[in-house]
1. Output the residues belonging to region 188-221 that are under 21 Å from Thr178 (Cβ atoms) and of a type in the set (A, V, I, L, M, F, W, C).
2. Out of the residues in region 187-201 meeting the condition of being over 18 Å from Leu255 (Cα atoms) and touching a helix residue (DSSP H, G or I) at 6+ places or on another chain (Cβ under 8 Å), tell me which one is surrounded by the fewest Cβ atoms within 10 Å (Cβ to Cβ).
3. What residue, among those in region 212-266 that are of a type in the set (Asp, Glu) and within 30 Å of Leu306 (Cβ to Cβ), is nearest to the chain's Cα centre (by Cα)?
4. Looking at region 61-85 only, could you name the residues that are buried (at least 23 other Cβ atoms within 10 Å of the Cβ) and among the hydrophobic types (A, V, I, L, M, F, W, C)?
5. Go through (1) surrounded by fewer than 16 Cβ atoms within 10 Å (Cβ to Cβ); (2) within 19 Å of Val332 (Cα to Cα) and name the single condition Glu259 misses.
6. Six or more apart or on different chains, Cβ atoms under 6 Å: show the pairs whose first residue is in region 94-108 and surrounded by fewer than 16 Cβ atoms within 10 Å (Cβ to Cβ) and whose second is not in a loop (DSSP other than H, G, I, E, B).
7. Can you name the residue in region 109-132 that is surrounded by fewer than 18 Cβ atoms within 10 Å (Cβ to Cβ) and assigned to a loop (DSSP other than H, G, I, E, B) and, of all such residues, is nearest to the chain's Cα centre (by Cα)?
8. Within region 113-153, which residues are farther than 20 Å from Lys57 by Cα, out of contact with any Gly (no Cβ under 8 Å at 6 or more places or on another chain) and modelled with pLDDT of 95 or more?
Amino acid sequence: MLYSEAVAWLFSRFPAYQNLGAAAYKPDLHNVKRLLELAKQPHVSLNCIHIAGTNGKGSTSHILSALCQAHGLKTGIFTSPHLVDFRERIKIDGIQISEEAVVYWVEHVIPSLDLDFEPSFFELTFALALVHFKNENCDVCIIETGLGGRLDATNVILPKLSVITNIGYDHQIFLGDTRPQIAGEKAGIIKANVPVLIAEKDLETQSVFEEKSKKENAYLRWVDFSGNLQSDLLGSYQQMNLHTAKQAFEWYCDLMSLEIQPAQVDNALKNVSKLTDFHGRMELIQENPMVIFDVAHNISGIRVLLYELKSLKFNRLHIVFGAANDKDLTEVFDIFPKDAIYHFTQFSNMRSRTVDEWKNTIPDNFVNFVIHASAKSAYQTALESAHDEDLVLVFGSFFLVGGLL
């Protein structure tokens, strides 16, 4: 079996949220517990840090991985979704799991488990990650939730430390319509006697986390955002993620009696992308014209991304934007710069907003736009029409950015 065939089989045989959306979501832990039991409980012996939140999970996870790697810890990291290659989801010290390991998992391990139930794509991928981390004797494993927290498949682990980045509006169909409701789902990763670090402190959600932590006897700390940390990651919004990851790392070292080396902390923060193979967050693709890719896809993430434009010097703004067909874009259009040139596009995924759907989505007060049937067409048109002093900003769905990368 070829690697491409193995990945195609995983996507076709088992439900995948990124392809099917809500139809693939399994809101309980029953199947993943059975799956890991058949796989001989690979997670039980792993030292894990569990990360949840609406935005910033990926950045925080990779910054934390860089810090661990720089201190000589063999570091596994499980994140989702991927941009270009399925193997991006499972890395050790910044190196993706091998194609051979994925093929072996599909061709030999899954059949040997003799499954009498149908786990989701995410559950199978998560199980593969845990088995891989255990087989490779990882010192620490950074596990990012897929959706929510309480009922997310990753919530079967018993971590050394839990981390929650922030609370915003995304996946309300599963997590609730208010920020306190969403916070309650994210707070589901808080476990008995496991310390928890939370980045965002606000009146609307603070009590949710404090009450859950008290109930579980889990010591809670809030991130201190004093000072500015130097990093290779662009965007002032990364300061929240940098501080969160650094303080999570320091707390983990304290819990595990590990020595912190200030020089290596500095090295890690300045080389996150290089150490961890991290992409898609205010990623500078080229200059003249300046091209930036970003995976901001919900209202809070897009608001932060557009705010960052104030720190950039450019003449005209060209936006290439693609979104899933189940996203409510009402608030997004409200904050879009009205003087930009827009290229709304369909992309290669069955959940993509189509050309016809775009025609029924764009408000009447938007006049300077083109709708494209493919991301390639949208991107090429934007590049060709941009002058050297302009900015081409490509953002939205992971599938849009990943396809172009």
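The values are calculated or read from the model by the stated rules, or taken from the named source; none is laboratory data. For clarity, every value in this text was computed on a predicted model and none was experimentally measured. Cβ: placed from backbone, ideal geometry, glycine included. Neighbour counts: every protein chain shown.
1. Scanning region 188-221 gives Ile189, Ile190, Ile198, Ala199, Leu203, Val208, Phe209.
2. If we take residues in region 187-201 being over 18 Å from Leu255 (Cα atoms) and touching a helix residue (DSSP H, G or I) at 6+ places or on another chain (Cβ under 8 Å), then Gly188 is surrounded by the fewest Cβ atoms within 10 Å (Cβ to Cβ).
3. Per the stated criteria, the residue is Asp232.
4. Of everything in region 61-85, those that are buried (at least 23 other Cβ atoms within 10 Å of the Cβ) and among the hydrophobic types (A, V, I, L, M, F, W, C) turn out to be Ile63, Leu64, Ala66, Leu67, Cys68, Ile77, Phe78.
5. (2)
6. Correct list of pairs: empty, since none qualify.
7. By that ranking, first place goes to Glu118.
8. Listed by number, the residues that qualify are Leu128, Val131, Lys134, Asn135, Asn137, Asp139.
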